[in-house]
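Here the structure comes first, spelled out in structure tokens, and everything after it is commentary.
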Amino acid sequence: MNADLERLIELEKVDREATRLTEEVASLPKRVVAIEEKLAEHKAAVEKAKAQIKSNEASRRQLESDIKSFQEKIAKYRSQSSSVKTNDEYRALMHEVEFAEKQISGCEDKILELMISLENEEKALKRAEAELKTEAADVEKEKAEARVRTAEDEKLLAGLKEKRAGLRSGVEDSALAHYDRVMRQRKSAISEAREQKCMACFVMLRPQTWQELRTNEHIVTCSSCGRILYFDPASETQPEPAKEASKKKAKARTADTEVETEPETTPTQ
């Protein structure tokens with residue numbers, strides 16, 4: 001195989017791997033940001049649960065204060081009832097007492113509801129805190145893995161960079177310039193040719209070009225996409241005439257075998 005062609009084939013493998021590693025290194029910080037955002041969601045859930053509990057407690061304190069205020073009013077009204085002079089004044093005070101008692105009953109019902117709600121809110125808080133703890137551990141683990149992967153990729157990239165420089169230095173300038181130009185335009189510069197076609201754009205090659213390409217002794221490019229072509233004898237399919245000839249030979253061998261193994265018969269008198 002042409003030395004430049006062999007180096008260019010290897011060079012594209014190196015370039016592809018370097019591109020993959022570069023993209024992976026670039027994606028790792030984004031991955032870390034994503035998992036930290038997920039962690040922030042769990043932190044927000046914990047803070048929300050705490051805020052609900054705090055609001056519950058504040059509401060209960062306010063209701064307890066209201067109950068105390070209504071109890072003081074009831075005591076005041078009952079104290080005043082002993083000094084009233086008319087039945088209308090007495091009924092008015094009793095009406096106020098009844099109203100205050102209803103308000104107390106309503107407050108007590110709300111406090112009971114809040115206490116039941118508090119149990120659920122405390123359970124939600126414990127669950128959110130447990131999930132946060134688990135998620136925080138997972139985040140630290142993933143961040144550590146990302147740091148290790150980044151270091152490994154950067155080490156591999158350094159090796160590929162050195163290998164790439166060595167390959168490029170051994171390729172003739174015009175062939176290297178063509179490789180770079182096609183690589184920039186199409187993201188790939190090398191293509192296998194098979195069954196007289198470029199396997200990248202699937203355009204048929206001229207017979208003369210195909211015959212020249214099959215030797216792999218020269219740099220041959222696709223007239224359609226511009227990629228540098230190479231031929232791999234291992235991927236060549238057996239021509240149809242050769243297949244038919246093989247079938248005929250196989251049938252002939254089978255017929256000969258049948259004749260040889262046919263038993264002799266003795267003619268009857």
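Annotations for the structure displayed:
- Along region 201-210 the Karplus relation, 6.51 cos²θ - 1.76 cosθ + 1.60 evaluated at θ = phi - 60°, assigns HN-Hα couplings of 10, 6, 8, 5, 9, 5, x, 5, 5, 4 Hz to successive residues, with x for each Gly and Pro.
- Residues whose amide H lies under 5 Å from that of Val220, counting only those 5 or more places away or on a different chain, are Leu229; hydrogens are built 1.01 Å from N in the peptide plane.
- Sites Ser223 and Lys133, calculated FRET efficiency, Cβ-Cβ separation with R0 41 Å, nearest 0.05: 0.05
- Å² per residue, accessible surface of the chain at 1.4 Å: 70 Å²
- Each of the GluC sites (Glu not before Pro) that DSSP puts in a loop and that has at most 14 other Cβ atoms within 10 Å breaks the chain; the longest unbroken stretch is 1-171.
- Summed over qualifying helices (DSSP H, 4 residues or more, each -39500 (n - 2.57)) and divided by its residue number, the chain shows a 222 nm mean residue ellipticity of -28000 deg cm²/dmol.
- Using the Cβ-Cβ distance between Ser235 and Ala40 with R0 = 51 Å, the FRET efficiency computed as 1/(1 + (r/R0)^6) comes to roughly 0.45.
- Principal axis extents of the Cα atoms in the chain, from largest to smallest and rounded to whole angstrom, are 146, 87, 33.
- DSSP assigns beta bridges within the chain; of those with both partners inside it, close to 55 percent run antiparallel.
- Under a model in which nothing but the beta-carbon of Lys, Arg (+1) and Asp, Glu (-1) is charged, the chain shows a dipole of about 760 debye around its Cα centre.
- Accessible area of Met1 in the full protein assembly, 1.4 Å probe (Å², nearest 10): 110 Å²
- Overall dimensions of region 111-164, expressed as equivalent-ellipsoid semi-axes from the Cα gyration tensor (√(5λ), whole Å, largest first), are 51, 7, 4.
- Compared with the direct C-alpha span, the chain from Glu119 to Glu64 gains 17.9 nm at full extension, assuming 0.36 nm per residue.
- Applied to region 25-38, the Karplus parametrisation 6.51 cos²θ - 1.76 cosθ + 1.60 on θ = phi - 60° returns per-residue 3J(HN,Hα) values of 4, 5, 7, 4, x, 5, 5, 5, 4, 4, 6, 6, 5, 5 Hz, with x for Gly and Pro.
- Among the listed pairs Lys38/Lys155; Lys30/Lys143; Lys30/Lys141; Lys30/Lys126, those with a Cα-Cα distance over 20 Å are Lys38/Lys155; Lys30/Lys126.
- Helix axis angle, 173-186 relative to the chain longest principal axis, alpha carbon, degrees: 40 degrees
- Rounded percent of accessible protein surface that carbon and sulfur make up, the chain, 1.4 Å probe: 50 percent
- In a DSSP loop and with at most 13 other Cβ atoms within 10 Å, the chymotrypsin sites (Phe, Trp or Tyr not before Pro) in region 134-214 are Phe202.
- Principal-axis tilt of helix 87-169 within the chain, Cα atoms, nearest 10 degrees: 20 degrees
- C-alpha long axis of helix 240-261 to longest principal axis of the chain, angle in °: 70 degrees
- Longest stretch of the chain clear of exposed loop sites (trypsin sites (Lys or Arg not before Pro), DSSP loop, at most 16 other Cβ atoms within 10 Å, sites excluded): 86-186.
- Remark on Arg194: its backbone amide H falls under 5 Å from those of Met199, a criterion applied only to residues 5 or more positions apart or on other chains, H modelled at 1.01 Å from N.
- Working note: Debye formula, equal point scatterers on the alpha-carbon atoms of region 63-138, no solvent; log10 I(q)/I(0) at q = 0.19, 0.25, 0.28 Å⁻¹ is -0.81, -1.03, -1.13.
The values are calculated or read from the model by the stated rules, or taken from the named source; none is laboratory data. Bear in mind that the values here come from a model prediction, so they are computed numbers and not experimental data. As a convention, Cβ positions derive from the backbone with ideal geometry for all residues, glycine included, and neighbour counts pool all protein chains shown. For the accessible areas, the whole protein counts, side chains as well, though only heavy atoms, and no ligand, DNA or RNA atoms are used. Shrake-Rupley method; radii C 1.70, N 1.55, O 1.52, S 1.80 Å.
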